[in-house]
1. Determine the dipole magnitude for the chain: charges of +1 sit on the beta-carbon of Lys and Arg, -1 on that of Asp and Glu, nothing else is charged, the reference point is the Cα centre, and the result goes in debye to the nearest 20.
2. Net charge near Ser136, counting Lys/Arg +1 and Asp/Glu -1 over other residues with Cβ under 11 Å of its Cβ?
3. Let me have the 222 nm mean residue ellipticity of the chain computed from DSSP H runs of 4+ only, each contributing -39500 (n - 2.57), with the sum over all residues rounded to the nearest 500.
4. Under the definition of Cα pairs under 8 Å and six or more residues apart, what whole-number percent is the relative contact order of the chain?
5. If we count other beta carbons within 10 Å of each Cβ, what is the order of Arg221, Arg46, Arg146, fewest first?
6. By the scheme Lys and Arg +1, Asp and Glu -1, what is the net charge of all other residues having a beta-carbon under 15 Å from that of His95?
7. Kindly state, as a whole number, the per residue volume in cubic angstrom of the convex hull around the alpha carbon atoms of the chain.
8. Ranking Leu227, Leu199 by Cβ neighbours within 10 Å, fewest first, what do you get?
Amino acid sequence: MLEVLNPKHPYARNMKIAHLRSSLLVSLTVAVAQPLIGQIDVVERRYVPQENIEAFIHRETTYWSEIAKQAIRDGKLQRWSLWQQVDGFDIDNNHNFIFNFTYPDGDTLDNAAEIWDHKKVFPRVNPSRIDTLSLSTVKDVLFYYRYVFVKTEQAQYIRVNFSKASDLTRYLELEEAVWLPFVMERMDSGKTNVVSWTLAELVMPRGANAPYNAITVDGFRTLSGALRSTYGDDANFPDFEEFRAVHQKVAIHVYRLIKAVNPENVDSEK
């Protein structure tokens, strides 16, 4: 099913197309979130010492993911996910886990403290059994506007491409106008190992010394896929000359999924 929410996109106005191939329904969902719509992604990056990783993952997947589920049911949160970094040069001095919280709008972001009040979901659980801040160090809190999110399935690994654009507006336009149609066609035809793709702008923090100002995120089923994306022998790649003129990739990192909850799986995910 192809669903496009951006009225400026060439496939606009919620057009839905179902594709049946070899008795397998291939579902492709596109959600282009313009800043005017108000959806905000918050990425929190943490460092968890090796000796705390097991307890950290247990508490987040046992308690905080359930709290996130309730917030999604209440319409106060769109998505929650936890990822573990699988690469890195100096892991002990950097983050090794990231959270992604997607808030529907500014009001829900402003009232996020209400969402994360654990007593509403676990009124009898001692806070010390739930706490993960004592097991980790928050390294960064980043705010994004997500412009494009397209997927055929939930990614198990993601490759995050950090870009520094000299002309951010033009770079975002190129990604949406040039790369998005290509990757959509490859995903829809089953010719690529990419199962999701995201384009987002870093909103805060920002400034002349910011290391990057935009990201793209490629999703994959496997780690080997994240290390080497494929698009099929018949792929007709777009021209990247103008891309190179307005941006450069400054870093690339790979993460594996620990757990994700969203409106599609909030009542079925265990």
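1. Magnitude of the dipole: close to 480 debye.
2. +1
3. So the helix-based figure for the chain works out to -5000 deg cm²/dmol.
4. Answer for the chain is 25 percent.
5. Listed from fewest to most nearby Cβ atoms, that is Arg221, Arg46, Arg146.
6. The answer is -2.
7. 147
8. Exposure proxy ranking, most exposed first: Leu227, Leu199.
Read-outs: derived from the displayed coordinates by stated rules, not from any lab. Remember, predicted model here, so these are calculated numbers, not experimental data. Please note: Cβ atoms are built from the backbone with ideal geometry, for glycine as well, and neighbour counts cover all protein chains shown.
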